[in-house]
Amino acid sequence: MSLTEARFHDLVDAVQQAVEDIFDDSDLDLDLENSAGVLTVRFENGSQLIFSRQPALRQLWLAARSGGFHFDYDEDNGRWICDTSDELLSEMLDRIVAEQAGANLEFDEI
């Protein structure tokens with residue numbers, strides 16, 4: 001593990017804030033809750049996205065209707081990458097938000 005725990009928490013805080021900002025700037029009817037390091041996004045249709053941190057593994061976890069996904073931080077590229085599919089978090093969020101909320105938001109900045 002190359003990330004220190006402090007850096008890991010800083011990175012997760014930053015990505016969660018960026019996700020919140022993107023949703024806040026959208027016109028979607030949703031609820032955002034950030035509590036104890038877990039960010040929950042509740043869409044109007046009742047579906048959710050849950051972002052949680054796993055400090056021991058230095059991973060960011062995403063739970064969505066389509067499944068659970070684990071992301072490692074790639075220091076070289078400054079991006080979160082799924083540990084099973086190599087899909088970028090930003091790409092996955094583009095797809096999942098379209099599937100769950102029917103909205104086309106861009107998560108390129110995360």
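Each reported figure results from applying straightforward, stated rules to the coordinates on display, with no laboratory input. Remember, it's a predicted structure, so these values are computed and weren't measured experimentally. So basically every Cβ, Gly included, is an ideal-geometry build from the backbone, and we count neighbours across all protein chains shown.
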Task: Phi to ³J(HN,Hα) by Karplus 6.51 cos²θ - 1.76 cosθ + 1.60 over region 81-94, Hz, x for Gly, Pro - done: 10, 5, 6, 10, 10, 6, 6, 5, 4, 4, 5, 5, 5, 3
TODO: Quick one: what are the phi-derived ³J(HN,Hα) couplings along region 9-26, Karplus 6.51/-1.76/1.60 with θ = phi - 60°, whole Hz, x for glycine and proline?
DONE: 4, 4, 5, 5, 4, 5, 5, 5, 5, 5, 5, 4, 4, 5, 5, 4, 7, 7
TODO: Give me the net charge of residue 61's neighbourhood, meaning all other residues with Cβ under 13 Å from the Cβ of residue 61; Lys, Arg count +1, Asp, Glu -1.
DONE: 0
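Only Cα pairs under 8 Å and at least 6 apart count here; give the relative contact order of the chain as a rounded whole percent. Before the final figure, lay out each step's value.
Details: 159 pairs, mean separation 20.4, N = 110.
Once divided by the residue count of the chain, the mean separation gives 19 percent.
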Task: Cut-off under 5 Å, modelled amide H: who pairs with residue 107 long-range - done: 94
Task: Relative contact order (%) - region 24-68, alpha-carbon pairs under 8 angstrom, separation at least six - done: 24
Open item on the list: Can you find, among 73, 15, 36, the residue sitting farthest towards the positive end of the charge dipole of the chain, where Lys and Arg contribute +1 and Asp and Glu -1 at Cβ?
Closed with: 36
Open item on the list: Let me check I've understood the local charge: for residue 5, count other residues with C-beta under 14 angstrom from its C-beta, Lys and Arg +1, Asp and Glu -1. What total comes out?
Closed with: +1
